[in-house]
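As structure tokens, the structure follows; a few thoughts come after it.
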Amino acid sequence: MKLTIYSQDGADSGKSVTLDKTVFEIEPNDHAIWLDVRRIQGNMRQGTHKTKERGEVSRSTRKLYRQKGTGHSRAGSARSPIRRGGGNIFGPRPHTYNIKVNRKTRLVARRSALVYKARDKALRVVEDFAIKTPDTREIKSLLTSIELTGKRVLFLTGEHSNTINLSSRNVPKLTVRNVSDASTLDFMKAHVVVFQKSALKSLSNQLGTKKKTTKKKT
């Protein structure tokens, strides 16, 4: 599959790039995507939820009334979970939601997410460019020229650029990532993924599979 390379102003540069078949033309694995997205979302959770149990609420521990002779069911302290203001039964306790997924599965998940974007024609490539001073208008102009205004866009850079990050902060629905930091969740959430040319090359180096060469015996 070939993609047109756009210039910084959004015009067709007359050049094109061929996508790596080992990344963008594999058979996608939906289960691997689910596992990796579940891992990412689980690791984002703080897990600090907590409710007070009967041993932690601030109420009297005395017996409310005598055991027999009142005509009511027997009762213990006011901390009992069955009484209003008492402790919770089996309430949530702080714990981690971290999930481990094998590295190979994570790689397959990222490839699979990109395959779906390629099939939906939701990939764009722009030439490498740098912004001397933060300027939101330049980023907005680029998105408008390639008809991405109002869409959720993931913009991937080949290397960290502080000025591009600052220029994109006030652009709605735009997320800028270094290509090495982009996750499966980032790919799945975006309507369109925009690569800088160097980012696309770096991605192929990270996710592409190289054929093993065997030396002939002499």
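The values are calculated or read from the model by the stated rules, or taken from the named source; none is laboratory data. Note that the structure is a prediction, hence the values are computed from the model and not measured. As a convention, Cβ positions derive from the backbone with ideal geometry for all residues, glycine included, and neighbour counts pool all protein chains shown.
Worth pointing out:
- Residue match in segment 80-102 (condition: part of a helix (DSSP H, G or I) and modelled with pLDDT of 90 or more): no
- Qualifying residue in segment 71-89 (condition: under 21 Å from the mean Cα position of the chain (by Cα) and surrounded by fewer than 14 Cβ atoms within 10 Å (Cβ to Cβ)): no
- Among the residues of segment 48-72, those identified as closer than 24 Å to GLY91 by Cβ and among the hydroxyl-bearing types (Ser, Thr, Tyr) are THR48, THR51, SER58, SER60, THR61.
- In segment 150-179, residue nearest to ASP135 (Cα to Cα) [restricted to those that are surrounded by 15 or more Cβ atoms within 10 Å (Cβ to Cβ) and among the small types (Gly, Ala, Ser)]: SER167
- Test: residue in segment 190-203 that is over 19 Å from TYR6 (Cβ atoms), at pLDDT 90 or above and either aliphatic (A, V, I, L, M) or touching a Phe, Trp or Tyr at 6+ places or on another chain (Cβ under 9 Å) (or both): no
- Subset of segment 107-125 (residues that are exposed (fewer than 15 other Cβ atoms within 10 Å of the Cβ) and in a loop (DSSP other than H, G, I, E, B)): ASP120, LYS121
- For segment 1-48, taking the residues that are surrounded by 15 or more Cβ atoms within 10 Å (Cβ to Cβ) and of a type in the set (S, T, N, Q), the one that is farthest from the chain's Cα centre (by Cα) is identified as SER13.
- ARG74 meets each of the listed conditions (1) assigned to a loop (DSSP other than H, G, I, E, B); (2) under 30 Å from THR184 (Cα atoms); (3) not aromatic (Phe, Trp, Tyr) apart from (2).
- For segment 14-30, the criterion of being part of a loop (DSSP other than H, G, I, E, B), of a type in the set (A, V, I, L, M, F, W, C), touching an Asp or Glu at 6+ places or on another chain (Cβ under 8 Å) and in the same structural domain as PHE187 (by TED's automatic domain parsing) is met by at least one residue.
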